[in-house]
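Take a look at the structure below.
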């Protein structure tokens with residue numbers, strides 16, 4: 001049976017009628033194959049069993065393309081504070097007093113072991129080891145080491161789970177950042193937030209499930225929209241960037257001099273046109289377009305409300321720091337992230353550039369720490385006092401670490417550090433991770449891991465696990481291959497979980 005709009009295609013021309021029949025056949029096959037595919041997927045995922053235990057799973061989790069988490073999640077939402085450029089773990093969290101005794105000595109080959117260097121320091125005649133010029137102290141009941149650069153973070157160490165044995169395969173910024181965000185060094189794969197949106201959907205129908213915030217006026221390695229892109233997943237799962245200024249989301253506001261009174265009616269007609277197109281061609285991106293128009297309509301009310309900070313008391317701004325009153329700064333974005341998490345946005349990604357200190361590191365890292373430390377700690381404290389930290393995962397870290405040796409000239413007060421993928425520090429806090437805990441260990445000079453290494457894919461597998469997802473089962477078939485965030489690697493790191 002043809003569609004109501006088939007008359008538009010009917011003609012005395014036999015070639016046109018043949019095309020119409022092919023379109024009808026394509027529509028039938030597309031719809032049927034999708035139905036059979038859904039039944040097969042249900043069998044693979046054991047949906048009947050999951051439905052049988054649905055009383056253990058909250059109803060709002062049934063909104064993603066896969067409909068269900070694989071098991072009860074420990075976290076409902078994630079905020080990922082990505083410190084772009086590679087913060088120096090040796091000057092922040094990984095205390096190495098032995099370096100004071102080795103100051104200026106050439107890095108021994110017994111430690112380097114022929115490991116790859118970047119082109120920026122490979123031609124140096126020597127690789128002089130450089131101890132940190134900053135003092136370290138132990139804080140909290142867990143007695144975690146933190147440098148004087150991070151006094152506010154030092155106050156929350158009993159809530160943090162430090163991972164000092166992170167390592168990656170990438171040695172340059174763009175592939176390293178891409179690897180962390182998408183699981184591959186090559187562009188084109190879906191980002192973490194897109195995978196979560198695809199698998200779990202959204203708990204707030206008026207806001208995207210994946211929101212991105214980038215600090216304004218922060219210089220450093222460039223950040224590209226593909227880092228929060230959907231890759232080959234349906235485009236409704238891409239991250240939505242919120243910006244500072246009068247238009248937080250581009251192309252969301254109505255055109256000038258248009259009051260929007262008939263906006264809903266217009267969208268209704270547009271939806272009907274798109275449905276006709278979908279019935280003809282079976283392209284799932286047409287349905288995505290419909291849902292995006294509808295989401296944009298709802299966001300016209302929700303976005304101005306969430307970005308209006310006038311209802312925040314003065315003590316909140318004081319906690320996050322003076323910059324929190326300036327939209328688009330790191331501090332303001334941390335506060336906005338809390339407001340998004342309160343409204344059950346599932347994945348909030350902050351990017352802050354400027355941690356790439358090849359030269360003049362003491363000055364550069366001091367400025368970076370001043371711009372980020374207070375707001376970072378305030379976000380953790382704020383979530384905790386509101387009862388949100390128990391089901392929110394907070395992640396802090398960059399794409400790699402910095403070298404134990406100095407890039408450029410080493411003096412008693414100045415040095416630089418090159419990229420170091422072999423070992424670096426990240427931390428997590430909140431839902432499902434051990435508070436006041438340190439995982440992994442590096443050698444006495446901080447060049448190699450000596451205990452409990454954690455690869456990028458291990459980190460991603462553990463992050464997905466906390467959201468109720470088995471990383472080996474969150475897959476998408478594209479161009480004949482089944483893809484996943486962790487590619488063909490990754491293992492759950494149980495030792496950091498509560």
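The values are calculated or read from the model by the stated rules, or taken from the named source; none is laboratory data. None of the values given here were measured: they were computed from a predicted structure. We place every Cβ from the backbone using ideal geometry, glycine too, and count neighbours over all the protein chains shown.
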ask   = So, in segment 151-165, of the ones that are within 16 Å of residue 399 (Cα to Cα) and out of contact with any helix residue (DSSP H, G or I) (no Cβ under 8 Å at 6 or more places or on another chain), which residue ends up surrounded by the most Cβ atoms within 10 Å (Cβ to Cβ)?
value = 162
remark   = Scanning segment 397-415 residue by residue, those surrounded by 24 or more Cβ atoms within 10 Å (Cβ to Cβ) and in contact with a helix residue (DSSP H, G or I) (Cβ under 7 Å, 6 or more places away or on another chain) turn out to be 399, 400, 401, 402, 404, 415
query = Which residues, taken from segment 268-291, are more than 24 Å from residue 211 (Cα to Cα), touching a helix residue (DSSP H, G or I) at 6+ places or on another chain (Cβ under 7 Å) and assigned to a helix (DSSP H, G or I)?
reply = 270, 271, 274, 276, 277, 278, 279, 280
query = Looking at segment 407-417, is at least one residue touching a residue at least 60 places away in the same chain (Cβ under 8 Å) and more than 30 Å from residue 107 (Cβ to Cβ)?
reply = no
task = Could you tell me which of the residues 141, 181 is surrounded by fewer than 20 Cβ atoms within 10 Å (Cβ to Cβ) and touching a helix residue (DSSP H, G or I) at 6+ places or on another chain (Cβ under 9 Å)?
result = 141
ask   = How many of the residues in segment 363-392 are in contact (Cβ under 8 Å) with a residue 60 or more places away in the chain, surrounded by fewer than 24 Cβ atoms within 10 Å (Cβ to Cβ) and out of contact with any helix residue (DSSP H, G or I) (no Cβ under 8 Å at 6 or more places or on another chain)?
value = 3
ask   = Can you tell me which of 176, 170 is touching a residue at least 24 places away in the same chain (Cβ under 8 Å), part of a helix (DSSP H, G or I) and in the same structural domain as residue 220 (by TED's automatic domain parsing)?
value = 176
request  = Select from segment 76-118 the residues that are at positive phi and more than 27 Å from the chain's Cα centre (by Cα) and list them in ascending order.
outcome  = 104, 113, 114
query = Can you tell me which residues in segment 209-237 are out of contact with any strand residue (DSSP E or B) (no Cβ under 7 Å at 6 or more places or on another chain) and part of a loop (DSSP other than H, G, I, E, B)?
reply = 216, 217, 219, 220, 221, 222, 224, 229, 230, 231, 234
remark   = Matching residues in segment 123-157 (part of a helix (DSSP H, G or I) and either under 30 Å from residue 191 (Cα atoms) or outside the structural domain of residue 90 (by TED's automatic domain parsing) (or both)) number 2
ask   = Out of all the residues in segment 257-308, which are closer than 17 Å to residue 207 by Cα and modelled with pLDDT of 75 or more?
value = 300, 301, 302, 303, 304, 305, 306, 307, 308
query = Would you pick out the residues in segment 292-332 that are more than 20 Å from residue 248 (Cβ to Cβ), in a helix (DSSP H, G or I) and touching a helix residue (DSSP H, G or I) at 6+ places or on another chain (Cβ under 6 Å)?
reply = 319
query = Regarding residue 193, is this residue out of contact with any strand residue (DSSP E or B) (no Cβ under 8 Å at 6 or more places or on another chain), buried (at least 24 other Cβ atoms within 10 Å of the Cβ) and either in the same structural domain as residue 457 (by TED's automatic domain parsing) or more than 22 Å from residue 77 (Cα to Cα) (or both)?
reply = no
ask   = Quick one: which of 117, 90 is assigned to a helix (DSSP H, G or I) and either closer than 23 Å to residue 397 by Cα or in contact with a strand residue (DSSP E or B) (Cβ under 6 Å, 6 or more places away or on another chain) (or both)?
value = 90
query = Among the listed residues 147, 209, 215, which satisfies the condition of being closer than 29 Å to residue 72 by Cβ and touching a helix residue (DSSP H, G or I) at 6+ places or on another chain (Cβ under 8 Å)?
reply = 209
note = For segment 69-87, the count of residues that are crowded, with 20+ Cβ neighbours inside 10 Å and in a loop (DSSP other than H, G, I, E, B) equals 9
key: Test: residue 168 is in contact with a helix residue (DSSP H, G or I) (Cβ under 7 Å, 6 or more places away or on another chain) and either crowded, with 20+ Cβ neighbours inside 10 Å or at pLDDT 95 or above (or both)   = yes
